[in-house]
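Participant: Okay, handing you the structure first.
The values are calculated or read from the model by the stated rules, or taken from the named source; none is laboratory data. Everything quoted here is computed from the prediction, not taken from an experiment. No Cβ is skipped: glycine too gets one built from the backbone with ideal geometry, and neighbour counts run over all protein chains shown. These accessible areas exclude ligands, DNA and RNA; they are computed on the full protein's heavy atoms, side chains included. Shrake-Rupley method; radii C 1.70, N 1.55, O 1.52, S 1.80 Å.
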Amino acid sequence: MFPLKVGAFMAAITIFPLFHSIFAEDAPNPPQALAFHGSDWPDFDAHVRRWSSYSAPKFTGVFKPKTEDELSQDVAYLAKTKQRFLATKAGGHGNSPTLGTTYDEVVQVNMENFRHVVFGKEGGEVTVTVGGGARMQDIIPRLHAEGREMSKFSPVGSFPCVGTHGVLLGGGMGRLMGKHGLMIDSLLRIKVALWNGTIVEASETSHSDLFWGMRGAGHNFGVVIESTFKTYPDEGGMHYNADMVFTDNSIDGVLETAKEVIEAGLDPSVFLILGYLFDATAMKPVLFINIVSAHDTEAGKSVSAKFASSASITRTHFNETLITFAELGSGAALPGVCANSLSQDLYTASSPSLFSPESMKAVYASYSSFVSANPAANRSILLFEAASPHVIASVPDESTAYPHRGKMITNAIIQVTWDDESLNEVADGWGRETRNVLAKPENSGYEKLYAYINYANRDEPLQALFGYEEWRWERLSKLKREYDPEGYFDGYHGIPRVVEGWTSSTGQTEGQRQGAGGGGGDDGRLPKTTPHEEL
């Protein structure tokens, strides 16, 4: 750590003003043309309901613009009257725990009227323009009907209810990323409403600095109105899919085989998930593997065959199917993942191959003990997702703000799910400790934590999310000063406005420290933050 130069840091940063409630007596009324709804609106609860109720924001009102012009006016009005706002409700999946501590009074800018999906052609390329409120389920069937596909639109974990643009802004991983790269690698341009209501379109030729930042750190800069992507032929549209379940005593053989397969290098068409679920009927964990191979049945079958029953593996269930692109993103693989209003808490770590078998066995045993002792958390899952890194790594590292090219061969997603508020501390503690076990250098293979921002929690250093290179800090901080000078989009892992802010003890922005009235506390958790564009 470099010493924090407090004087320079404080002098250089814009102090975020005190916010007004939309109901404050001195707050001017919103223009009559704007679609504002208070908490007495009959549809209020339906609009503010979220995927996760754990540490969720508390909304005081809803703006629901119908057009770009209304959105521009909405944002300008909220900024002028110094009111905190949260652009959301594509999927309502932004579940960083800082949301609840930040947004005890916040206005929702609801993007549900921006769910358009429009196909076009540019220079011989088939493109698709997607509205800022669109979900994966809005896009996947349309792509399939057009005979096209994209990386993310076969979602990791098959979550069709997830909002498109929250995923995009962090990079956009997906089951086809071995073939097509990250979602941001297909992005041609993006239209954004800035903090003061100004609308800009960013691309390689216009606002190219913002275009760079939106691809990997985009939660920090504005509200996405729409994005245009290039698409790819779906090559007939069929994907090999294999689901397997194993006995508990197969775990050594399964983990060793998975490690060998990943270290040998996955075919670009193949995406592998090794996971832990809990069987509430049998009251025991389930060890499973899912393999998808895009348009290459033989490549998929070759991997599946390695997990056949043997001296060290007993496979109790095996189902091979050929499914369409639309079915692949339907959510059928993990039914119930889109249920709203449960408590959800994510942690993550990554590995250049696979986490050590010893650590994954320890986590399996810990998972069994945790859920057995806390049945209300039996929907919790762990996923270890692996894909070929070569297409992602072929894009120059400096071309986007995404910092992890070639690094994240396997990602661990620790999704703790429960429905009893009395478990909040226990559930969060188990998720954090599980991440800590996997992230140890001897288990992950990395000396430092590398965390995909869309799976991150609140205690990771900013460098783990945005990169450890100082040139990245300088470039991101410069963008932050230019495009969000008042800190309206600091909340989703906010970027410091000066380089010194990257090397503070907690990695917090000034707005985060001020919102909490001090430091992060002895447990290293990040305190209050300010508004952001979220998942």
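Participant: If Thr410 satisfies every condition in (1) closer than 25 Å to Ile262 by Cβ; (2) open to solvent by 10 Å² or more (accessible area, probe 1.4 Å) but one, which is the exception?
Facilitator: The number of the failed condition is (2).
Participant: Right, something else. Are there any pairs with C-beta distances below 8 angstrom linking a residue in segment 278-299 that is open to solvent by 60 Å² or more (accessible area, probe 1.4 Å) and in a strand (DSSP E or B) to a residue that is small (Gly, Ala, Ser) and at pLDDT 90 or above, with the two at least 6 apart or on different chains, and if so which?
Facilitator: Close Cβ pairs (under 8 Å, with a partner that is small (Gly, Ala, Ser) and at pLDDT 90 or above) amount to Lys284/Ser368.
Participant: Answer yes or no: is there a residue in segment 189-211 that is open to solvent by less than 20 Å² (accessible area, probe 1.4 Å), part of a helix (DSSP H, G or I), among the small types (Gly, Ala, Ser) and closer than 12 Å to Thr400 by Cβ.
Facilitator: no
Participant: A further question on this structure: Taking Glu470 and the conditions (1) surrounded by 21 or more Cβ atoms within 10 Å (Cβ to Cβ); (2) at pLDDT 90 or above, which numbered condition does it fall short on, given that it satisfies the others?
Facilitator: For Glu470, the failing item is (1).
Participant: Which residue is modelled with the lowest pLDDT, if the candidates are limited to segment 327-358 and must be among the charged types (D, E, K, R) and not in a strand (DSSP E or B)?
Facilitator: Glu327
Participant: Same structure again: What do you reckon, is Ser186 open to solvent by less than 40 Å² (accessible area, probe 1.4 Å), closer than 22 Å to Gly124 by Cβ and polar (S, T, N, Q)?
Facilitator: Yes.
Participant: Kindly check whether there is at least one residue in segment 391-407 that is under 20 Å from Ile291 (Cβ atoms) and assigned to a strand (DSSP E or B).
Facilitator: Checking segment 391-407: not a single residue is under 20 Å from Ile291 (Cβ atoms) and assigned to a strand (DSSP E or B).
Participant: If you don't mind, there's one more thing I want to ask. Inside segment 370-427, can you point out the residues that are out of contact with any Leu (no Cβ under 7 Å at 6 or more places or on another chain) and of a type in the set (Gly, Ala, Ser)?
Facilitator: Residues satisfying the conditions are Ser372, Ala373, Ser380, Ala393, Ser394, Ser399, Gly406, Ser422, Ala427.
Participant: A follow-up question, please. Just give me the residues in segment 365-378 being of a type outside the set (Val, Ile, Thr), touching a Phe, Trp or Tyr at 6+ places or on another chain (Cβ under 6 Å) and in contact (Cβ under 8 Å) with a residue 60 or more places away in the chain, in sequence order.
Facilitator: Listed by number, the residues that qualify are Tyr367, Phe370, Asn378.
Participant: Could you check Pro403 against (1) closer than 30 Å to Ser208 by Cβ; (2) modelled with pLDDT of 95 or more; (3) open to solvent by 10 Å² or more (accessible area, probe 1.4 Å); (4) not polar (S, T, N, Q) and say which number it fails?
Facilitator: Pro403 satisfies every listed condition except (3).
Participant: Looking only at segment 114-139, count how many residues are within 15 Å of Ile190 (Cβ to Cβ), small (Gly, Ala, Ser) and in a strand (DSSP E or B).
Facilitator: 1
Participant: Let me ask another. Of these, Ser310, Ser304, which one is among the polar types (S, T, N, Q), more than 27 Å from Pro389 (Cα to Cα), open to solvent by less than 70 Å² (accessible area, probe 1.4 Å) and at pLDDT 95 or above?
Facilitator: Within the list Ser310, Ser304, the selection yields Ser310.
Participant: Can you pull out the residues in segment 223-271 that are free of Cβ contacts under 8 Å to residues at least 60 places away in the same chain and either in a strand (DSSP E or B) or open to solvent by less than 10 Å² (accessible area, probe 1.4 Å) (or both)?
Facilitator: Val254
Participant: Scan segment 436-467 for residues that are crowded, with 22+ Cβ neighbours inside 10 Å and β-branched (Val, Ile, Thr) and jot them down.
Facilitator: Ile453
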